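Data block below; observations after.
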Amino acid sequence: MSTVGSIQGRPHGGGDIPANWTVAELVIKYPVLRETLERLGIDYCCGGKKPLAAAVADAGRDWTAVRAELQAALAAAADGAPPADWNAAALGALVDHILQKHHVFTRTQLLRLDGLLDKVQNAHGAHHGSVLADLRRVFDGLRAELDAHLMKEEQILFPAIMGIDAFMSGRGERPAIHCGSVGHPIRQMEHEHDGAGQALVAMRRITADYRLPADACQTYCALYDGLQALEADLHEHIHLENNILFPRSVALEEDMVRGQG
Ligand SMILES: [Fe+2]
Ligand SMILES: [Fe+2]
């Protein structure tokens, strides 16, 4: 699978956010602010032509407070640490990062998207029932597959990897790998990653690259935007596992076996 990594529109210096910009102008310049706008209930999609001050007022919020939140989000994106070198980082730090960033996000986002898809199916079933039913079928399959997948990584594979890492760094006993070698569960996880990737491709095809219908409401926008956020996060998540965590774990296990003669 390809990766979708960088934060688009990362600001280089912060700066003020004029109240007379439209919401769309803001999001085009700073795509990183979409999550903040969505959380604040400010329509950046179908209502993107409105000036910011008016859109904020429509959401029942105070412009000064919202502007402060948006500037804080921009500052956080601009001041973020440079991307970590996960090839050089401790294996435990990489596993923690995958768990805390990607597993938490995936579970939260799947639950949220399930609710959004329900609402959109109820509101738009009459005109877009076929697309939404296809989307529901693929989404449900992906969700079930990912729920089981995350649990297998958390309960079987990652503890096995951490056991090898602890032993090799002198912090624990030589682990007994119940499945013989971490290579076995890793191959299974890679196979499941391929399945998730195919589901993401299928959802793009079904939605014509997430092109919104003319009568899309804000919830419809949030659903399509959220599915794309899930896709981007899964790309990064799977890249970290397939291309970094898994090869490093296999190599470490080989060192352990070699060292034991
Ligand atoms: Fe994972
Ligand atoms: Fe995975």
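Pairs linking a residue in the stretch 216-243 that is assigned by TED's automatic domain parsing to the domain that holds VAL201 to a residue that is within 16 Å of ligand 1 (Cβ to nearest atom) and of a type in the set (Phe, Trp, Tyr), with Cβ atoms under 6 Å and 6 or more positions apart or on different chains, are ASP233/PHE105. In the stretch 193-209 there is no residue matching the filter, namely being in contact with an Asp or Glu (Cβ under 7 Å, 6 or more places away or on another chain), within 19 Å of PHE167 (Cβ to Cβ) and within 16 Å of ligand 1 (Cβ to nearest atom).
Counting residues in the stretch 218-225 that are farther than 18 Å from ALA89 by Cα, surrounded by fewer than 16 Cβ atoms within 10 Å (Cβ to Cβ), away from ligand 2 (no atom under 16 Å from the Cβ) and over 17 Å from the mean Cα position of the chain (by Cα) gives one or more.
One line per residue, one yes/no per condition, for (1) modelled with pLDDT of 95 or more; (2) closer than 18 Å to PRO213 by Cβ; (3) within 15 Å of ligand 2 (Cβ to nearest atom); (4) in contact with a helix residue (DSSP H, G or I) (Cβ under 6 Å, 6 or more places away or on another chain):
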residue	(1), (2), (3), (4)
PRO83	no, no, no, no
HIS103	yes, no, yes, yes
ARG107	yes, no, yes, no
VAL120	yes, yes, no, yes
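Residues of the stretch 123-151 that are away from ligand 1 (no atom under 16 Å from the Cβ), within 18 Å of the chain's Cα centre (by Cα) and of a type in the set (Asp, Glu): ASP140 alone. The sole residue among ALA208, ALA176, ALA214, ALA148 that is loosely packed, with under 14 Cβ neighbours inside 10 Å, within 16 Å of ligand 2 (Cβ to nearest atom) and of a type in the set (A, V, I, L, M) is ALA148.
The values are calculated or read from the model by the stated rules, or taken from the named source; none is laboratory data. Everything numeric in this text was worked out from a predicted model, so none of it was measured. Note that each Cβ is placed from the backbone with ideal geometry, even for glycine, and that neighbours are counted across all protein chains shown.
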